[in-house]
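Taking it in order: structure first as structure tokens, then the write-up.
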Amino acid sequence: MKKLESREDIELLVNSFYAKVIKDETIGFFFKDVVNVNWDKHLPKMYTFWETILFGQMSYKGNPMQMHFPINEIKAMEKHHFAKWLELWKQTIEENFEGENASSAITKSENIANLMAYKMEMARK
Ligand code: HEM
């Protein structure tokens with residue numbers, strides 16, 4: 001098993017994760033039906049997002065929360081969706097990587113997902 005330490009590692013992780021996501025019965029439809037995701041744009045954004053979070057590269061310039069409010073308005077993003085997202089993310093990491101950055105990618109995604117789930121719920125009230 002290898003460490004999660006380069007841009008290539010992140011690309012592998014993100015690509016493998018979304019391959020699972022789009023096949024998934026619980027959350028796949030968000031990426032196909034709710035939003036018709038342009039993968040050529042979305043994937044590179046996610047590489048820079050994780051590069052910024054894990055390696056402190058400062059290459060990601062967006063606002064990860066903001067992007068999800070309009071999605072949440074079309075179809076409520078609920079706790080069980082986030083639970084599935086996290087399950088697939090954790091699974092993909094554990095299938096491919098070990099070490100500090102791998103653990104950190106799990107912990108950080110849990111924190112962001114919990115905050116996001118809370119914000120989406122509040123936005124619906
Ligand atoms: C049920 C959970 C989630 C769903 C259904 C979801 C869905 C989506 C969709 C459809 C997009 C738009 C793609 C496009 O540009 O066309 C997006 C963007 C994004 N998502 Fe999520 N997401 C979820 C959870 C998360 C979590 C937990 C994170 C972070 C750990 C995250 C990070 C991002 C980022 C960084 C973007 C790109 C924002 C930008 O354009 O700068 N998402 N998501």
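The values are calculated or read from the model by the stated rules, or taken from the named source; none is laboratory data. No experiment lies behind these values; they were computed from the predicted model shown. Each accessible area value is taken on the protein alone, full model and side chains, heavy atoms only, with ligands, DNA and RNA left out. Shrake-Rupley method; radii C 1.70, N 1.55, O 1.52, S 1.80 Å.
Across the chain, counting alpha-carbon atoms alone, Rg and Dmax equal 14.2, 45 Å. Where does helix 7-23 land angle-wise versus the long Cα axis of the chain, in degrees 0 to 90, nearest 10? Orientation of helix 7-23: about 40 degrees from the principal axis. Shown for the chain: the carbon plus sulfur share of the solvent-accessible area, taken with all protein chains present and a 1.4 angstrom probe, equals 53%. The phi-based Karplus calculation (6.51 cos²θ - 1.76 cosθ + 1.60; θ = phi - 60°) puts the 3J(HN,Hα) values of segment 64-74 at x, 5, 3, 4, 8, 4, x, 5, 4, 6, 6 Hz, whole numbers, x for Gly and Pro.
Top to bottom by accessible area (1.4 Å), largest first, where do I53, I93, I22 land?
My answer, sorted largest first, is I22, I53, I93.
Less than 5 angstrom separates the built amide H of Y60 from those of T52, all sequence-distant by 5 or more or on a different chain.
Hey, what D do you get for segment 82-125 in µm²/s if you plug the Kirkwood alpha-carbon radius into Stokes-Einstein at 4 °C and 1.567 mPa s? Don't skip to the end; give the middle numbers.
Values: Rh = 11.1 Å.
The estimated diffusion coefficient comes to 116 µm²/s.
With respect to the chain, whose longest principal axis is taken over its alpha-carbon atoms, helix 100-123 is tilted by about 10°.
With a 1.4 Å probe rolled over the protein heavy atoms of all chains, the accessible area of V35, V14 falls in the order V35, V14, largest first.
Using only alpha carbon pairs under 8 Å that are at least six residues apart, calculate the relative contact order of the chain and give it in whole percent. Write down the numbers at each step before the final one.
Numbers: 99 pairs, mean separation 46.8, N = 125.
After rounding, I find 37 percent.
A 1.4 Å probe run over the chain, with the rest of the protein chains in place, finds 60 Å² accessible per residue. A Gaussian network model of the chain, with springs between Cα atoms under 10 Å, assigns the largest mean-square fluctuation among H80, H42, H68 to H42.
With Rh defined as the Kirkwood radius, the inverse of the mean 1/r over Cα pairs, the Rg/Rh of segment 1-49 is 1.03.
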